[in-house]
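The values are calculated or read from the model by the stated rules, or taken from the named source; none is laboratory data. Since the structure is predicted, the reported quantities are computational estimates derived from the model, not experimental observations. So basically every Cβ, Gly included, is an ideal-geometry build from the backbone, and we count neighbours across all protein chains shown. Please note that ligands, DNA and RNA were not included when accessible areas were found on the heavy atoms of the full protein model with its side chains. Shrake-Rupley method; radii C 1.70, N 1.55, O 1.52, S 1.80 Å.
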Amino acid sequence: MKLIFKYLELILIIFFIFSCKNNNKNEKPTVHTLPKDTLRVVTMYSPTSYFFFQDEFMGFDYELAQNLAQYMELPLKVTVADNEQEMAALLDSGKVDIAAYNVVQTKELKRSLTFVFPQPDSYLVLVQRGGSNSLAIISELNTKTVMVKHNSIFDVRLKSLNQEIGGGIDIVYAPDSLTSEDLIELVALDSIDFTLAYYNTALLFKPVYRQLDFSLHVGFYQRNGWMVSTQSVDLQNIINKWENNKSTQQLISRLRRKYWRQSIQHSGNQIRIPHGNISPYDNYFKKYAQNIDWDWRLVAAVAFAESNFRPELTSWAGAVGIMQLMPVTAKNMGLADSAFYQPEPNIKAGIKYLQQLEQNFKIIEDPTERKKFIIAAYNVGPAHIFDAIALTKKYGRNPQIWDDNVEFFLIKKNEPYYYSDPIVKYGPVRGASAAAFVKKIMNTFDMYSKK
């Protein structure tokens, strides 16, 4: 009898072992190894995370991912996703190592992914124009029309708010071609009345659109940060060590100032313009404009639009001096670091860059039209202009004409439908600003020409 019980006990133990194996066979193994050859990062285009500006990739998350890759002594490979679901899927499949984007933590994402490198908590706000008619409490949304992206976190929250106040909110869904950032801009431009956004995103638009008001909270504080697979234990550990490194903390502080305070830093000194002059530096513009056979007053108009003739300026992106050249471009034009803020060498380097752009856009036959292309490229970089030319050709408009042709598609290149087109190589750009830049310079040149 004892022997029978021993056999039964042995059978139960074997059964238990096999049951455990079967229960665990579908679970993913914990990955303790670090990326060996390349740090693979996925992100999304946004005004702070990742974008292409004046021939350079930039962005808060991108620059930090670069720094992390250097810390790990690995090259960086960046993949751009269209949405957060795609980023999560790439992580889950093991095709990337990190989602370097400010993602809000949700129950669904936390089931399969781990949040690392936490960012300051954010919350949802109502984006509206300020003034006496701005809303002060949530219940005042009754009878108001609010535009959001369909099936977004903003849509979910707005429906919840509608229930809380007993209905009455007119929820309108934005076209697929518009991003949440576009909706903030539409509010500022008085095209729509209200939208929802995260406070830290809305804050980006305040320096440009001071009429915006986002003081009305419509959501709770939410944690957010980068994402990695829950299985990548060693990678999580090294990110934590990197994040707490003193030099990393200093970099984070500097980049927050850079990307969340996008304004030109300058002293309060007034520029004195001699009587009868356009600028204090007319002689330099006249001297070096001859090198490219441009009217010197057009070059002066570029400088005025860029810096108001202030030689000491540094922009949020790092552009320097009167001609506001990016440091890499300035050095390529032969400008030494020590001369970044000296008027004559900065103007000389800026005109040399215009000369380089002149060669790039020889395909534009009419010299007057070509100058508009060059001025736009000076503002956002030639790559975005060539993208806009390609779109202009595709849609049957005239790629040799700026106004309402290439200009139109440069503005459209901020919409996912257009910047996701395979012929577009450099992603989105806020083309409306570049288009306005061209108009401002041509109008200033016209005014200067009459003096």
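Odds and ends about this structure:
- Residues of the stretch 81-117 classified as of a type outside the set (S, T, Y) and part of a loop (DSSP other than H, G, I, E, B), total: 8
- Any hit, the stretch 326-337, residues being crowded, with 21+ Cβ neighbours inside 10 Å, closer than 27 Å to S449 by Cα and touching a helix residue (DSSP H, G or I) at 6+ places or on another chain (Cβ under 7 Å): no
- Cβ-Cβ contacts under 8 Å between residues 6 or more apart (or on different chains), taken from a first residue in the stretch 163-179 that is assigned to a loop (DSSP other than H, G, I, E, B) to a second residue that is of a type in the set (G, A, S), are listed as I165/S139.
- Whether a residue is part of a loop (DSSP other than H, G, I, E, B), under 20 Å from the mean Cα position of the chain (by Cα) and over 13 Å from V218 (Cβ atoms) was assessed, and L183 does not pass this test.
- Within the stretch 387-435, restricting attention to residues that are touching a residue at least 60 places away in the same chain (Cβ under 8 Å) and in a loop (DSSP other than H, G, I, E, B), the residue that is farthest from D182 (Cα to Cα) is Y426.
- The residues of the stretch 118-150 that are assigned to a loop (DSSP other than H, G, I, E, B) and of a type outside the set (A, V, I, L, M, F, W, C), listed by number, are Y123, G130, G131, S132, N133, S134, N142, T143, K144, K149, H150.
- Taking the criterion of being within 18 Å of W294 (Cα to Cα), in contact (Cβ under 8 Å) with a residue 12 or more places away in the chain and not aliphatic (A, V, I, L, M), the residues of the stretch 357-386 that qualify are E358, N360, F361, E365, D366, E369, R370, K371, K372, F373, Y378, N379.
- In the stretch 93-130, the residues that are over 22 Å from V80 (Cα atoms) and in contact (Cβ under 8 Å) with a residue 60 or more places away in the chain: P120, D121, S122, Y123, L124, V125, L126, V127, Q128, R129, G130
- Scoring A305 on the criteria (1) aliphatic (A, V, I, L, M); (2) within 24 Å of K439 (Cβ to Cβ); (3) open to solvent by less than 10 Å² (accessible area, probe 1.4 Å); (4) touching a Phe, Trp or Tyr at 6+ places or on another chain (Cβ under 8 Å) leaves a single failure, condition (3).
- Which numbered condition D37 fails, given (1) of a type outside the set (G, A, S); (2) surrounded by 10 or more Cβ atoms within 10 Å (Cβ to Cβ); (3) more than 22 Å from S247 (Cα to Cα); (4) at pLDDT 85 or above: (2)
- Being of a type in the set (A, V, I, L, M, F, W, C) and surrounded by fewer than 15 Cβ atoms within 10 Å (Cβ to Cβ) is a property that A136 has.
- Filter pass, Q359 being of a type outside the set (A, V, I, L, M), open to solvent by 60 Å² or more (accessible area, probe 1.4 Å) and under 16 Å from D55 (Cβ atoms): yes
- Residues satisfying the stated conditions in the stretch 338-350, i.e. more than 28 Å from the chain's Cα centre (by Cα) and open to solvent by less than 50 Å² (accessible area, probe 1.4 Å): A339, P343, P345, I347
- The set of residues from the stretch 45-101 being hydroxyl-bearing (S, T, Y), under 24 Å from A383 (Cβ atoms) and surrounded by fewer than 17 Cβ atoms within 10 Å (Cβ to Cβ) comprises just one member, T79.
- Condition check for L76: in contact with a helix residue (DSSP H, G or I) (Cβ under 8 Å, 6 or more places away or on another chain), farther than 22 Å from V233 by Cα and modelled with pLDDT of 90 or more: no
- Positions within the stretch 387-412 being under 26 Å from S307 (Cβ atoms) and either within 21 Å of the chain's Cα centre (by Cα) or of a type in the set (F, W, Y) (or both), in sequence order: A388, W402, E407, L410, I411
- Candidate set from the stretch 194-203 (those that are surrounded by 19 or more Cβ atoms within 10 Å (Cβ to Cβ) and not small (G, A, S)); member that is modelled with the lowest pLDDT: T201
- Residues satisfying the stated conditions in the stretch 219-236, i.e. open to solvent by less than 20 Å² (accessible area, probe 1.4 Å) and closer than 10 Å to F115 by Cβ: N224, G225, W226, M227, V228
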